[in-house]
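Report on one structure; see the data block that follows.
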Amino acid sequence: MSSADRTLIGALRAVFGANPPARIGVAVSGGGDSVALLHLLTRCFDDREVTLFAATVNHGLRPEAAQEAEDVARLAQQLGISHQILHWHGWGGRGNMQDRARRARYELLADWAKNNEISMVATGHTIDDQAETVLMRLARASGVDGLSAMAERTPLSGITLIRPMLKQSRADLRDYLRRQGLCWAEDPGNEDLAYDRIRVRKALGVLHSLGLTAPKLAQVAANMQSARDALKQQTYSAALQIAAIDGGDVVFALPEFRSLPDEVARRLLGQAIRWVGGGDYLPRRVPLQAAVADLSGTLGGCRILQQKDAIRIAREYEAVKSFQAAPDQAWDGLWRLAGPFTPEHEIRALGAAGLAQCRNWRVSGRPRASLIATPAIWRGDDLIAAPLAEETGIWRAERVGGRKDFLASLLSH
């Protein structure tokens with residue numbers, strides 16, 4: 001084994017720590033970075049320590065993709081690794097193709113991992129990818145979060161996404177592949193200047209002479225990650241003081257919220273919207289900043305409501321009015337209801353018509369705009385119960401996760 005190989009393997013193994021998961025998934029596109037990752041990981045762990053699994057997502061966007069996936073399958077077989085090809089059929093030719101494909105890729109990988117009891121999936125992102133991401137986000141005038149670029153570990157739909165090669169260069173990985181006599185696929189899109197990332201990749205070659213190298217830009221990302229972590233902690237501390245959960249809504253004390261620094265207030269409101277709405281992502285910075293200034297309106301499937309001395313983030317009725325769930329299902333993916341259900345019952349939003357049948361809803365202290373978006377039990381057009389509008393002692397509605405879950409989300413997202 002060459003000294004260069006030992007260095008790569010040692011650096012990669014160190015990322016996983018002393019107690020790596022027993023089962024690790026590897027996302028392998030067939031490109032050089034991910035093929036190198038897969039091969040290196042087979043040399044990082046003892047077979048009794050870790051079992052590796054590989055998956056390739058075929059987006060169906062290029063005719064060569066099917067063959068590339070098969071090539072990865074053969075390599076995995078040679079290495080003694082279980083491999084699965086995941087297919088995406090969701091591109092309809094409209095919208096941002098790259099963004100849609102990226103989101104779909106992660107969704108497919110997360111589902112695959114959970115189906116195979118894999119808690120961690122590794123991807124082949126390199127220091128070059130990190131540098132490109134920083135430059136792209138600089139061009140968008142991103143804030144601290146954007147310039148933090150890619151974290152080494154990211155929670156993703158119940159699993160952990162790990163990027164163990166963020167300190168390795170694309171060139172070093174290609175050299176490793178050549179030493180091992182391994183082949184890889186080159187996506188022709190990597191030369192297509194219609195894509196922002198490819199233009200940025202070309203620009204890095206010019207910026208190198210000015211000292212804007214990939215390691216320097218990656219260091220910028222690391223500095224911003226430290227600043228982001230400090231802001232997360234400050235946001236968490238603020239939430240401990242001024243945040244409450246009421247019927248699935250997040251409620252902030254208004255005077256205290258207005259006294260927060262803008263960046264902390266933006267983070268707190270954004271995370272409240274993401275948590276109440278059950279989304280994976282924060283609202284975009286510009287509309288979120290406007291929402292912090294106005295403290296009203298709708299954003300991310302939520303309503304921002306001002307009360308006398310409070311701000312309430314509630315689910316928006318328009319976002320849930322068509323949702324239906326059987327008694328044993330989670331409504332809106334977030335609510336579990338319990339009570340004397342029959343097969344004729346279903347869970348739907350309360351709505352204005354349902355609220356009109358609740359004589360004592362004002363006793364709850366919750367505003368109308370919040371209550372109409374809460375889950376209720378229906379039998380056809382007949383309202384059976386609305387647990388968040390009127391407490392009966394018979395029916396209960398519990399939001400998946402409570403205040404502890406909301407507070408934890410401030411540190412993990």
Which residue pairs have Cβ atoms closer than 7 Å, lie 6 or more positions apart in sequence or on different chains, and pair a first residue in region 27-42 that is of a type in the set (S, T, N, Q) with a second residue that is assigned to a helix (DSSP H, G or I)? Thr42/Leu79
Please go through region 34-73 and pick out each residue that is within 24 Å of Leu166 (Cα to Cα), touching a helix residue (DSSP H, G or I) at 6+ places or on another chain (Cβ under 7 Å), part of a loop (DSSP other than H, G, I, E, B) and open to solvent by 20 Å² or more (accessible area, probe 1.4 Å). Thr42, Arg43
Verdict on Pro255 being more than 30 Å from Arg103 (Cα to Cα), open to solvent by 40 Å² or more (accessible area, probe 1.4 Å), without any contact (Cβ under 8 Å) to a residue 60 or more places away in the chain and in contact with an Asp or Glu (Cβ under 9 Å, 6 or more places away or on another chain): yes
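Which of the residues spanning region 210-226 are touching a helix residue (DSSP H, G or I) at 6+ places or on another chain (Cβ under 7 Å) and either charged (D, E, K, R) or open to solvent by less than 40 Å² (accessible area, probe 1.4 Å) (or both)?
The answer is Ala214, Leu217, Ala218, Ala221.
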Leu411 vs (1) in contact with a strand residue (DSSP E or B) (Cβ under 9 Å, 6 or more places away or on another chain); (2) touching a residue at least 12 places away in the same chain (Cβ under 8 Å): all pass except (1)
Residue by residue through region 337-363, note down the ones that are buried (at least 16 other Cβ atoms within 10 Å of the Cβ) and of a type in the set (A, V, I, L, M). Leu337, Ile347, Ala349, Leu350, Leu355
(1) free of Cβ contacts under 8 Å to residues at least 40 places away in the same chain; (2) within 21 Å of Glu186 (Cα to Cα): which one isn't true of Ala101, the others all being true? (1)
Taking region 110-135 only, how many residues are within 18 Å of the chain's Cα centre (by Cα), in a helix (DSSP H, G or I) and within 15 Å of Ser82 (Cβ to Cβ)? 2
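For region 373-388, how many residues are open to solvent by 20 Å² or more (accessible area, probe 1.4 Å) and part of a loop (DSSP other than H, G, I, E, B)? Break it down into steps so the answer makes sense when it comes.
Applying the first criterion (open to solvent by 20 Å² or more (accessible area, probe 1.4 Å)) to region 373-388 yields 379-384.
Among the residues that remain, those that are also part of a loop (DSSP other than H, G, I, E, B) are: 380-381.
Going through region 373-388 one residue at a time, the tally reaches 2.
The values are calculated or read from the model by the stated rules, or taken from the named source; none is laboratory data. The structure displayed is predicted, hence computed values, not measured ones. Because the Cβ atoms are built from the backbone with ideal geometry, glycine has one as well, and the counts that use them run over all protein chains shown. When the accessible area is computed, the model is the full protein with side chains, heavy atoms only, and any ligands, DNA or RNA have been set aside. Shrake-Rupley method; radii C 1.70, N 1.55, O 1.52, S 1.80 Å.
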